[in-house]
Amino acid sequence: MGNDTPSVTGGKMQAVDRLLTVAATAVCFLFFTKIGNLHIPGPERLDDAWQAAMQFAWLQGLQFGRDIVFPHGPYGAFYASTFHPDLIGLWYLIRLPHAAVLAVALVWTLRVLSRGTSKPGLPVTLLALLAAGATVSGIDPLWILPSFLMAALALDDTATPPGLLALLVLSIAFATLAKFSFLVMGATALIAWTISAAYRRDPLTLAALPLYGALIAVMWALAGQEMGGFVEWVRVSFLVGSGYAAAMSLTSYWGDLAVYGVLVLVLLFGVWSGFRHRPPWPVKAAVLLGWIALFSFVAKAGFVRHDGHALFPFGMVIITAALVIARLLPRLSGPPWPLAVQVVFLAVAIGWLFEANDRLFDGRRDLVAKLAEPFLTAPRHYAQAATDVLSENGAGHGRVGDYAAAAAEANRLLGGPHPRIAKARSIDVFSTNAGAAIVAGLPYHPRPVIQSYQAYLPALAARDVAQMRSDGAEVYVIHPLSIDGRPVLADGGYLWPDFLARYDPVDTVPLGLVLERRETPLDPDVRATSDIQAAFNSWIDLPPQEPGTIVQIQGDIRPTLLGRALALVFKPPQISITLRREDGGEQTHRLVPGQFGAGFPVSPVITDAGQIKAMFDGNAAGTPIAAFRINAGKTQQRFWGSSFPLTVTQFRRPREG
């Protein structure tokens, strides 16, 4: 009997270990489904508009990189959390297996990292729940997760299980075609893993990158994309990404940034300590550089909190802490000091999880309540999922009925829709609220950069201009709006000369001014142009302006050598523009250098559809601007130089005949 006791005990421990593993995977799956985020798109909500556009692009077979220029790929339709009645079945069919794959991959990776640990079941379960709980703050940590798991496996000293490698590469490929920034992060992690695997002679060393490429090709084709279009999508997405980095420059929250830097250094030390084998310095350095690239790209891609948004990559910090802890769990044999490091990481992770809750959500919801929500609401959400799928073909209840109500609201914003809109063969909305046209079921015909605030560079602006001149929508609904504190007409400002020359005003609707395309464009009426070399912090007087006149500014602000170096790893410092009104008052806005390079109207300041109509009619409109100044302190000038070429153009709607 006594001889059987160790065997029985070992069997019980293995059973408990398996039970904990299954339970951890199931709980992580509930965190990762994100079904509770699925919602009816609001016709006037900016983020809902681009998510609806991603789903519209999938349903209409639009080509990314050509028809659609946005920092997402074709599978952005499933990154989106907006409900579309024609897509909901496929949305669930893709998102639920995606959550299951990530849950299995997370728990499996943690078990691999903790190999050789005494009784790993409980700590691995707790670390899995910690990492999964870190994704409650948003959707991006969920999609970035497989890249971090792959980079963590680069620390291992044994062969990666083929099944785990396949799951991670599949997840990274899927994320790549959902959002472009995930391509860079995924490729970084795959390269770091490949270098480490080559050193330890993993038989799968040469499999990961080719498998990734093959999956990308297959998924791209399954999405209805032309095979030759992938390279163009990558190219234009790089343009959007490089402009985005400058547009989201940090000007404040340096305390947050410093904290993030300290956390990254601590975690990188943990990564370095996680090498149980003794690879050559070049291998260790390459893997560490991969981790540094992941963290810096998280910051550069906009996940660090910046003006206008409340984003901060605490989720990635916590997930990394969980991976590092798993790697440093005490071995069955070996020094006990990793236990002390483990405790430090655990304290940091849990502490910052609570801190992230306060900073991201202003304490509006208790963290425990947020963590519990996926479990408390799971029965209702899964029941709703069944209703969504069963009612996909038109039953007017549940979310299908809610979508119909949203469509009615969208039509109201578009005037019922307005008779001219109702008979249009194509329609676009300027500048951001395209969701109204999509939800209303109208023949949406987007310009390439579907939301003009994303046209951060002249090359992207030129795509919109070329499309408007060759194949622009028959009807436009325009409303003056910019985001993140930019000048009112800065987002998409490069299109105003063509609006005035190629479209006629029809009527106003609640959303904005309805324009219809002219058969013959009018010739531009340029009144005055001046080219000067301007200096930062110096007032520039604008010429006197007749009624109906627009003053547009365009300048070439380029980074210095130091600025280019910083842009490789992070964001350049922000600059601003101050406008002096004719009444002597001043207002200051953020200035995006790429938008300044494309050009935008600076005077008059227009705030509603009636003022736009007056401008089309050649009447006085809005608030005239007498002078402006571009502001840059000494620190900013180290990155942007001290002066720049500036062109000031004065034009108005061309006269008939």
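Residue by residue, here is whether (1) among the hydroxyl-bearing types (S, T, Y); (2) open to solvent by 20 Å² or more (accessible area, probe 1.4 Å); (3) closer than 23 Å to D507 by Cα holds:
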{"residue": "I421", "(1), (2), (3)": "no, no, yes"}
{"residue": "T432", "(1), (2), (3)": "yes, no, yes"}
{"residue": "A436", "(1), (2), (3)": "no, no, yes"}
{"residue": "G441", "(1), (2), (3)": "no, yes, yes"}
{"residue": "Y444", "(1), (2), (3)": "yes, no, yes"}
{"residue": "R447", "(1), (2), (3)": "no, no, yes"}
{"residue": "Y453", "(1), (2), (3)": "yes, no, no"}
{"residue": "P458", "(1), (2), (3)": "no, yes, no"}
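The residue that is farthest from the chain's Cα centre (by Cα), among those in the range 49-62 that are open to solvent by 10 Å² or more (accessible area, probe 1.4 Å) and closer than 22 Å to E409 by Cβ, is L59.
The sole residue among A621, A614, A609 that is more than 17 Å from A528 (Cβ to Cβ) and surrounded by fewer than 20 Cβ atoms within 10 Å (Cβ to Cβ) is A614. In the set (1) touching a residue at least 12 places away in the same chain (Cβ under 8 Å); (2) open to solvent by 20 Å² or more (accessible area, probe 1.4 Å); (3) within 27 Å of the chain's Cα centre (by Cα), D531 fails one condition alone, (3). Residues considered: A501, A434, A407. Of these, the only one that is over 20 Å from A52 (Cα atoms) and either touching a residue at least 24 places away in the same chain (Cβ under 8 Å) or within 29 Å of the chain's Cα centre (by Cα) (or both) is A501. Among the residues of the range 586-629, which ones are assigned to a strand (DSSP E or B), aliphatic (A, V, I, L, M) and within 28 Å of the chain's Cα centre (by Cα)? Within the range 586-629, L591 is the sole residue that qualifies. Of the residues making up the range 63-114, those that are open to solvent by 10 Å² or more (accessible area, probe 1.4 Å) and without any contact (Cβ under 8 Å) to a residue 24 or more places away in the chain number 4. Here the condition is being within 18 Å of T387 (Cβ to Cβ) and among the hydroxyl-bearing types (S, T, Y); of Y92, Y79, it holds for Y92 alone. Answer yes if at least one residue in the range 416-427 is at pLDDT 95 or above and assigned to a strand (DSSP E or B), and no otherwise. Checked against the condition, which is being at pLDDT 95 or above and assigned to a strand (DSSP E or B), the range 416-427 yields at least one hit.
Filtered by the rule that a residue be open to solvent by 10 Å² or more (accessible area, probe 1.4 Å) and among the small types (G, A, S), the range 158-172 gives A159, G163, A166.
Restricting P572, P559 to those that are in contact (Cβ under 8 Å) with a residue 60 or more places away in the chain, closer than 15 Å to W640 by Cα, in contact with a Ser or Thr (Cβ under 6 Å, 6 or more places away or on another chain) and not in a helix (DSSP H, G or I) reduces the list to P572. Among the residues of the range 391-405, just one is under 30 Å from A132 (Cα atoms) and either modelled with pLDDT of 80 or more or open to solvent by 50 Å² or more (accessible area, probe 1.4 Å) (or both), namely R399.
Flag: L481 matches the condition of being farther than 16 Å from P593 by Cβ, out of contact with any helix residue (DSSP H, G or I) (no Cβ under 6 Å at 6 or more places or on another chain), open to solvent by 10 Å² or more (accessible area, probe 1.4 Å) and at pLDDT below 90. Kindly check whether there is at least one residue in the range 147-157 that is open to solvent by 20 Å² or more (accessible area, probe 1.4 Å), at negative phi and not acidic (D, E). Scanning the range 147-157, I find no residue that is open to solvent by 20 Å² or more (accessible area, probe 1.4 Å), at negative phi and not acidic (D, E), so the answer is no. Looking only at the range 460-475, decide whether some residue is at pLDDT 95 or above and assigned to a strand (DSSP E or B). Taking every residue of the range 460-475 in turn, at least one turns out to be at pLDDT 95 or above and assigned to a strand (DSSP E or B). The set of residues from the range 54-81 being within 26 Å of P146 (Cβ to Cβ), of a type in the set (A, V, I, L, M) and not in a loop (DSSP other than H, G, I, E, B) comprises M54, A57, I68, A77. Every condition in (1) within 30 Å of Y476 (Cβ to Cβ); (2) open to solvent by 30 Å² or more (accessible area, probe 1.4 Å); (3) out of contact with any Gly (no Cβ under 6 Å at 6 or more places or on another chain); (4) not small (G, A, S) holds for R564 except the one numbered (1).
The values are calculated or read from the model by the stated rules, or taken from the named source; none is laboratory data. Quantities reported herein were computed from a predicted structural model and do not represent experimental measurements. Reconstructed Cβ throughout: ideal geometry from the backbone, glycine too, with neighbour counts over all protein chains shown. The area values use the complete protein model at the heavy-atom level, side chains included, leaving out ligands, DNA and RNA. Shrake-Rupley method; radii C 1.70, N 1.55, O 1.52, S 1.80 Å.
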